[in-house]
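The values are calculated or read from the model by the stated rules, or taken from the named source; none is laboratory data. These numbers were taken from a predicted model, which means no experiment stands behind them. Don't worry about glycine lacking a Cβ; one is built from the backbone with ideal geometry, like all the others, and counts go over all protein chains shown. Remember, those area values only see protein heavy atoms, side chains included, never the ligands or the DNA or RNA. Shrake-Rupley method; radii C 1.70, N 1.55, O 1.52, S 1.80 Å.
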Amino acid sequence: MLQKLFAPVDMTKGAPWEKITLFAIPMLIGNIAQQLYNTVDSIVVGRYVGDNALAAVGSAGPILNLLLVLFIGISVGASIMVAQYFGARQREELASTVGSCVTLTAFSSLIIMVAGPLVVEPLLELLNTPESITDWCAGYLNILFIGVAGVAYYNILSGVLRGLGDSMSALLYLLIATVLNIVLDILFVTRFDMGVPGVALATAIAQAVSAILCMWKLAHMREIFELRLRDLIPTRKHSMDMIRLGLPSGATQAVFSMAMIIVQSLTNSFGEMFIASNVIVMRIDGFAMMPNFSFGTAMTTYAGQNVGAKKYDRVDSGAKQGTLIAVGVSAAITALILIFGKYLMGIFTTTAELVDLSVRLMRILAVGYIAMAVTQSLSGVMRGAGDTMTPMWISLLTTVVIRVPLAYGISWLTRTPQLPNGNSDCIYISLLISWLCGALLTFFFYRKGSWRKKGL
């Protein structure tokens, strides 16, 4: 029974809603655990170091995401290829894809280790980061860049495991790493007085442990494929397919991260209090998004395997059932966050003004999470089928054309002598509108159906 629980799952047979749900539940728990990495960092520094340290960890986020887009592209491309080759029962192609993925990740990690520390301080200056938190931001980021291989390999290899339908192993390894991260966070900050760099070091060590466990699992899946030394030499075909499928997602994340950096500059103009509040809201936002990301990934694997097996009727029924479940779960979690929001915000800080501001901002975003359930689920179907371009263009449109200009436009229109930089609500109103537009566009292009012709 235990062996079956941690085995790859064939999603080309059985009730679609059942396969999607059983796959998504470990994903949801895993995403919650993943979010705990950042959340525990914020709680520890907010409680034991101060509100400025909390702002520093949050301000580092957009820069970190920008420089990790290489891994996002590899991960998405590899996951789609693995799902389709697994569904088509092509053992040799599967082994070569995984081997190419391992080698490309090593090259990408080396690039980030060298380039990351060189651009940190210029980017912090470009963002108008307050001097009171600049040193903490730089120290936090430099440690994560040096240990980037662990972060990269966990995220990419767990994506490969999910492409095979094995979400339980990825969950187990992440839970181990999360517990380790929490223990090291508390140890480094409260006992060794390492401050913000301490939480970065704890995260890097914990991610490296989870990456090693993922590699061990893949090396022992000989009943599905056998990873040999020759498979580690990237082939032109698999590398190009991985780039073709993964580049749109990587490019989307790069533009999204750039937009976040531009918006972060506007956020920084509202002062340390608003920056700290933004960090708190984004941490809670991470949990609110969990069902959406979980079902989105589940739909990618489900669609990929069924497209590989040429079962398009199952793709259609799974898309409907999975989206409805995702919307229901997202609505329930959003309601809980709204009801208990004040208590959740109070975990991060004892400053009453900061708690009240965070609760108000969270309420602005509330209905957007239900819209994102539609976007993530249907985008997952299109990606799994091999159409990564359509979700990319939708993300670019809603982020670059709608969100960023809207944020700055509202800020400019609401300037007064009392609010020289405008109303800070512009950050969240623009985000909500971009989410609603994204859901409408995604539904339209899913119904159009051009994604059906994109399989490998």
Self-check item: the range 383-420, subset surrounded by 20 or more Cβ atoms within 10 Å (Cβ to Cβ) and not in a helix (DSSP H, G or I), residue nearest to the chain's Cα centre (by Cα)
Solution: T388
Quiz item: Does the range 358-370 contain any residue that is farther than 30 Å from R47 by Cα and in a loop (DSSP other than H, G, I, E, B)?
Solution: yes
Quiz item: Which of the residues spanning the range 172-199 are in contact (Cβ under 8 Å) with a residue 24 or more places away in the chain and over 23 Å from the mean Cα position of the chain (by Cα)?
Solution: I186, V189, T190, G195
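Report whether or not M221 is in contact with a Pro (Cβ under 9 Å, 6 or more places away or on another chain) and either in contact (Cβ under 8 Å) with a residue 60 or more places away in the chain or crowded, with 20+ Cβ neighbours inside 10 Å (or both).
Working: in contact with a Pro (Cβ under 9 Å, 6 or more places away or on another chain): yes; either in contact (Cβ under 8 Å) with a residue 60 or more places away in the chain or crowded, with 20+ Cβ neighbours inside 10 Å (or both): yes.
Taking the combined requirement at face value, the residue satisfies it.
Can you pull out every residue in the range 339-358 that is farther than 21 Å from N423 by Cα and in contact with a Ser or Thr (Cβ under 7 Å, 6 or more places away or on another chain)? Spell out the reasoning first.
Step one: of the range 339-358, the residues farther than 21 Å from N423 by Cα are 339-351.
Selection gives M345, F348.
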Quiz prompt | Enumeration of residues in the range 278-317 that are among the small types (G, A, S) and farther than 19 Å from Q34 by Cα | solution = A303, G304, G308, A309, S317
Quiz item: Would the range 117-128 turn up any residue that is over 20 Å from I262 (Cβ atoms) and in contact with a Phe, Trp or Tyr (Cβ under 7 Å, 6 or more places away or on another chain)?
Solution: yes
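Please tell me if A335 is farther than 30 Å from A309 by Cα, in a helix (DSSP H, G or I) and open to solvent by less than 70 Å² (accessible area, probe 1.4 Å). Outline the logic, then answer.
Working: farther than 30 Å from A309 by Cα: yes; in a helix (DSSP H, G or I): yes; open to solvent by less than 70 Å² (accessible area, probe 1.4 Å): yes.
Criteria met by A335.
Being part of a helix (DSSP H, G or I) and either among the hydroxyl-bearing types (S, T, Y) or touching a His at 6+ places or on another chain (Cβ under 7 Å) (or both) is the filter here, so list the residues in the range 341-357 that pass it. Steps first, answer last, please.
As a first pass, look at the range 341-357 and keep what is part of a helix (DSSP H, G or I): 341-345, 352-357.
Answer for the range 341-357, where residues must be part of a helix (DSSP H, G or I) and either among the hydroxyl-bearing types (S, T, Y) or touching a His at 6+ places or on another chain (Cβ under 7 Å) (or both): just Y343.
Could you tell me which of the residues G250, G286 is out of contact with any Pro (no Cβ under 9 Å at 6 or more places or on another chain), outside any loop (DSSP other than H, G, I, E, B) and crowded, with 20+ Cβ neighbours inside 10 Å?
Values: G286 fails: crowded, with 20+ Cβ neighbours inside 10 Å.
Of the residues listed, the single one that is out of contact with any Pro (no Cβ under 9 Å at 6 or more places or on another chain), outside any loop (DSSP other than H, G, I, E, B) and crowded, with 20+ Cβ neighbours inside 10 Å is G250.
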Practice problem: Looking at (1) without any contact (Cβ under 8 Å) to a residue 12 or more places away in the chain; (2) surrounded by 21 or more Cβ atoms within 10 Å (Cβ to Cβ), find the lone condition where R236 falls short. | Solution: (2)
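Conditions tested, residue by residue: (1) more than 30 Å from A352 (Cα to Cα); (2) at pLDDT 75 or above.
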| position | (1), (2) |
| --- | --- |
| G250 | yes, no |
| Q253 | yes, no |
| F256 | yes, no |
| I261 | no, no |
| F274 | no, yes |
| I280 | no, yes |
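Answer yes or no as to whether T334 is of a type in the set (S, T, N, Q) and farther than 28 Å from G163 by Cβ.
Judged against the criteria, T334 is a match.
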Quiz item: On the given criteria, is D231 in contact with a helix residue (DSSP H, G or I) (Cβ under 9 Å, 6 or more places away or on another chain), in a helix (DSSP H, G or I), farther than 23 Å from M27 by Cα and modelled with pLDDT of 80 or more?
Solution: no
Exercise. Any chance you could count how many residues in the range 3-52 are of a type outside the set (A, V, I, L, M), modelled with pLDDT of 75 or more and open to solvent by 60 Å² or more (accessible area, probe 1.4 Å)?
Key: 3
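Yes or no, residue by residue, for (1) modelled with pLDDT of 75 or more; (2) over 23 Å from the mean Cα position of the chain (by Cα); (3) open to solvent by 50 Å² or more (accessible area, probe 1.4 Å):
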{"residue": "M1", "(1), (2), (3)": "no, yes, yes"}
{"residue": "V57", "(1), (2), (3)": "no, no, no"}
{"residue": "A60", "(1), (2), (3)": "no, no, no"}
{"residue": "L67", "(1), (2), (3)": "no, no, no"}
{"residue": "V82", "(1), (2), (3)": "yes, no, no"}
Quiz item: For residues in the range 421-439 being among the polar types (S, T, N, Q) and not in a helix (DSSP H, G or I), which is farthest from the chain's Cα centre (by Cα)?
Solution: N421
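If we scan the range 438-449, do we find a residue that is of a type outside the set (S, T, Y), within 24 Å of R383 (Cα to Cα), open to solvent by less than 30 Å² (accessible area, probe 1.4 Å) and in contact (Cβ under 8 Å) with a residue 60 or more places away in the chain?
Residues of the range 438-449 that are of a type outside the set (S, T, Y), as a first pass: 438-441, 443-445, 447-449.
Those still in the list that are within 24 Å of R383 (Cα to Cα) too: 438-441, 443-445, 447-449.
From what's left, open to solvent by less than 30 Å² (accessible area, probe 1.4 Å): 438-439, 449.
Still in the list and also in contact (Cβ under 8 Å) with a residue 60 or more places away in the chain: 438-439.
So far as the range 438-449 goes, yes, one or more of its residues are of a type outside the set (S, T, Y), within 24 Å of R383 (Cα to Cα), open to solvent by less than 30 Å² (accessible area, probe 1.4 Å) and in contact (Cβ under 8 Å) with a residue 60 or more places away in the chain.
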